[in-house]
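Worksheet: one structure, shown below.
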Amino acid sequence: MTMKIEDAAAALMRDHAQKKNIVPFARDYGAQDIAGAYAIQAAYNKLQEQKLGRRAGYKIGLTSRRMQAMCGVNHPNSGVVFEKLIHRSGVQLPVSGLVRIGIEFECCARLGRTLGPRNGEYTLDDIREAVDAVAPAFEVIDDRNSAYPLDLLSLIADNS
């Protein structure tokens, strides 16, 4: 099956705007593996940038075995954080646009220098030297009243 990456990204934009429940969808658009799911995510994130501003960072999701088990997966995934979704301490956010709100307690690392693509892996020392600050953070999530376990490919495509 040919991947319909742009169609999948447009469907995600529509589903979020209409507050539809998260359902398995990535395979319907031709994603048969994680690479396909990340291809959909890249197209979706490009559309999101128009609405949410530039990419301000990255996130790693499903890092604990308990969360992986709850979502029916066996490894972490990653996504993008957009500038308009980052708020300083003390902000008051409206919840009227959310379906089923959740709060996740996070650890945020701010890099003081870029860790760009390279041929070899980064060492722990490389990463330690690049980190400028570490701070607690909270992520406001909306699982849009989804049924668990979630489909990994669809979760990745939906920017985790």
Practice item. For every helix of n ≥ 4 consecutive DSSP H residues, a contribution of -39,500 (n - 2.57) applies; sum these over the chain, divide by its total residues, and give [θ] at 222 nm rounded to the nearest 500 deg cm²/dmol. Key: -9500 deg cm²/dmol
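Report the extension gain between D132 and A109 in nm, rounded to one decimal, defined as 0.36 nm multiplied by the number of residues separating them, less their alpha carbon distance.
Details: separation 23, 0.36 × 23 = 8.28 nm, distance 0.75 nm.
Full-extension gain reported as 7.5 nm.
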Practice item. Over the residues of region 52-160, compute the C-alpha Rg and express it relative to 2.2 N^0.38 Å. Key: 1.20
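Starting from region 89-136, pick out the trypsin sites (Lys or Arg not before Pro) whose DSSP state is loop and whose Cβ has at most 12 other Cβ atoms within 10 Å.
Numbers: sites: R100, R110, R113, R118, R128; in loops: R100, R113, R118.
Qualifying residues, ordered by number: R100, R113, R118.
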Check your understanding: Out of residues 5 or more away from G61 or on other chains, whose amide H comes under 5 Å of its own, with H placed 1.01 Å from N in the peptide plane?
Key -> N77, S78, G79
Study note, to complete from the structure: Among region 1-29, those whose backbone N falls under 20 Å of a label point 7 Å along Cα→Cβ from I101 are 16-22
Point to revise | Inter-label distance for I141 and K20, nm, one decimal - labels placed 7 Å from Cα along Cα-to-Cβ | key: 2.2 nm
Point to revise | Pair Q50, R65: separation of 7 Å Cα→Cβ label points (nm) | key: 4.4 nm
Check your understanding: Using a Förster distance of 41 Å, how high is the FRET efficiency between E6 and L124, based on the Cβ-Cβ distance and rounded to 0.05?
Key -> 0.60
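Over the chain, with every protein chain in place, what whole percent of the accessible area is carbon and sulfur at 1.4 Å, could you tell me?
Details: 5860 of 10790 Å².
It is 54 percent, rounded to a whole number.
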Check your understanding: Once phi is turned into ³J(HN,Hα) by the Karplus curve 6.51 cos²θ - 1.76 cosθ + 1.60 with θ = phi - 60°, what whole-Hz value does each residue of region 92-107 show in order, with x for glycine and proline?
Key -> 10, 9, x, 9, 4, x, 9, 8, 9, 7, x, 10, 10, 8, 10, 10
Point to revise | Proportion of all alpha-carbon pairs of region 55-96 beyond 16 Å (%) | key: 56 percent
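The values are calculated or read from the model by the stated rules, or taken from the named source; none is laboratory data. Please read all numbers here as calculations on a predicted model, not as lab measurements. Here the Cβ is made from the backbone with ideal geometry for all residues, glycine too, and neighbour counts use every protein chain on show. The protein model used for the area step is the full one, side chains on, heavy atoms only, and it has no ligands, DNA or RNA in it. Shrake-Rupley method; radii C 1.70, N 1.55, O 1.52, S 1.80 Å.
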